[in-house]
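A short worksheet on the structure shown next.
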Amino acid sequence: MNTTYEEKTDLSEEESIRASVPEKWLEFIRKATMMENVFMGMVLSDKECVKAVLDIILKINLTVIESNIEYEIKSVNGRSVTLDVFAVDSEGKRYNIEIQRDDRGAKPKRARLHCAYMDSSALKKGQFSEDLPECYVIFITENDVLKGGLPIYNIEQVVTQTNSLFNSGLHIVYVNSQIKDNTPLGKLMSDFHCSDPSGANYGFIKQKLEYFKYKQEGVKKMSSLIQSYIDSQMEEYKKEYSLMWIKQGIEQGKAEMKKESSTETAKRLLKMSNFNDNIISEISQLPVEEVCSLRKNANIQS
């Protein structure tokens, strides 16, 4: 019988983890895979891990000199976009890696938007459009969004010819994470769906899974990041509803904001499929029955 990594964990360290990390976060962390944005981001906060993933997906050998997670780029008009993973190689080429569990988030125009923001920050004063570096936007998708059956797609070659005709340097790549064959890319996608370090194919992913799931320092970092993410979402809701408080009256506005933000929070957390209904209920302050109903309507498995 195979032994899971959890069964190998040192008992004293496990006791320390459980004493310092809320059970609701630990349950999620242990079940999480790299298909969760927050977990993938922590694993790919390491430049060498980003290099390894890009080398496998693009079948190249590059040197990553800069890597950032949750990288925000602002435009001149005040709008901004946040990239899951942003990297630059030694030749100045720019890379954006995005996990997309919802097919609607993997539209080509979204890639175009992300590339536009990366381009806007790429040129220094005095440089021209000809100086723009090559730009890669890589969608690792939950499903085969292009319905073609192949594990990797390049929009520039398959969907439209404009980029290749004009040699724009824009590359939009789709990786179907459901294809987990015995190829290097298939093994990588298998690892992206792996929750137990013992089952990982690649050593760099196994090492990170061990650290963030079963080492006290790593688990605490992950727990803190999840809490920060939830807090930031709640702050966004508060800003959105501040005008409603003024227009409708403070008490009525508060009641509407609480109901709406709880529902929206629950919907967001449902996309992180390793959260169970009880955890989502506790975080969003929405009754478990309503969470179950939202899950059923969204056709998301618990």
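Per-structure values
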read-out	value
Rotationally averaged projected area of segment 179-223 (alpha carbon convex hull; nm²)	3.1 nm²
Filter on LYS93/LYS213; LYS180/LYS221; LYS31/LYS206; LYS187/LYS296 - keep pairs with C-alpha separation over 23 Å	LYS93/LYS213; LYS180/LYS221; LYS187/LYS296
Computed E for SER12/GLU217 - FRET, C-beta separation, R0 25 angstrom, nearest 0.05	0.95
Potential extension, ILE60-LYS124 segment - 0.36 nm per residue separation minus Cα distance	20.3 nm
Distance between modelled label sites at SER198 and GLU70, nm, 7 Å Cα→Cβ extension	3.2 nm
Protection proxy ranking of 86-95, 289-298, 36-45 - average other beta-carbon atoms within 10 Å, highest first	36-45, 86-95, 289-298
Spacing of the two label points (7 Å from each Cα toward its C-beta) at GLU48 and SER20, in nm	2.4 nm
Probe 1.4 Å, protein heavy atoms only - accessible area per residue of segment 24-114 in square angstrom	45 Å²
By average C-beta atoms within 10 angstrom, highest first, the peptides 127-135, 215-223	215-223, 127-135
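The values are calculated or read from the model by the stated rules, or taken from the named source; none is laboratory data. Being a predicted model, the structure only gives us computed values, none of them experimental. With ideal geometry, Cβ positions are generated from the backbone for all residues, glycine too; neighbour counts draw on all protein chains shown. We work out accessible area using only protein heavy atoms, side chains counted, and drop any ligands, DNA or RNA first. Shrake-Rupley method; radii C 1.70, N 1.55, O 1.52, S 1.80 Å.
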